[in-house]
Amino acid sequence: MTKGLLLALSLFLLLPLGAIAEDSLAKFDGGIGVIPVSAGVGQAATAEVVTRNIVRGVQPPGQLWTIADLKADVKTDGRIHVDGRGLLLAGGNTIGTNANQSVHATLLCANDGNVLHDTGLVFPGLVPLEPNGDFRIDATLSPLPPNPCTSAVLLIRNPNGAWFAAGIPKLD
């Protein structure tokens, strides 16, 4: 009887932990910095026509950016936690700096037409980059993303809407 009671109690206590682990909508492990131009054609060393690196309708900035690491977890209730490291300019005269930028996170899902599920442009959604490019976002996405969110894309964007970095989806 005691073993049965202990087993039942153990299952009861572990069940909520399983439910907590399952409330993730999307996870990202690693990041990709933006290269604003994805292709160019023309003569000599300059391109006369360029193709901008637009991701699901979101424009890139005018300069290269790099990111050392990014981890993010999006919950089914819209809560999002993003931990970014080393988001810095990768070109131009201010290379290696954060350009005094602030960032916010946007989740796009293919199954809702790539609606911009965003952390917003006010605190806590918009956060300044540290001098070394580190940042942390703890906010709630609005509007609430669909569950499931198919072909999820996470973009780290500036206040003007340009994307600086993208999360690499974590496959479980």
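When the Cα atoms of the stretch 109-172 are aligned to their principal axes, the ranges along those axes come out at 36, 25, 20 Å in descending order. Compared with the direct C-alpha span, the chain from Asn111 to Arg85 gains 6.4 nm at full extension, assuming 0.36 nm per residue. Close amide H pairs (under 5 Å, H built 1.01 Å from N) link Val37 with Asn53, residues at least 5 positions away or on another chain. Here Lys71 is the anchor, and the aspartates and glutamates within straight C-alpha reach of less than 16 Å, apart from those fewer than 8 places off in the same chain, are Asp29, Asp83, Asp134, Asp138, Asp172.
When each of Lys71, Lys170 is scored by the number of other beta-carbon atoms lying within 10 Å, the sequence from fewest to most is Lys170, Lys71.
If I stretch the segment between Val41 and Glu130 completely, what's the gain in nm (0.36 nm per residue apart, minus their alpha carbon distance), one decimal? Mind showing how you got there, number by number?
On the way: separation 89, 0.36 × 89 = 32.04 nm, distance 3.68 nm.
Gain on stretching Val41 to Glu130: 28.4 nm.
The stretch 25-169: percent of C-alpha pairs farther apart than 22 Å? For the stretch 25-169, the share of Cα pairs beyond 22 Å comes to 36 percent. In plain terms, the chain from Val122 to Asn147 could stretch by 6.5 nm, reckoned as 0.36 nm per residue minus the Cα-Cα distance.
Only the coordinates and a few stated rules stand behind these numbers; no lab work does. Note that the structure is predicted; figures quoted are calculated from it, not measured. Glycine also receives a Cβ, built like all others from the backbone with ideal geometry; neighbour counts cover every protein chain displayed.
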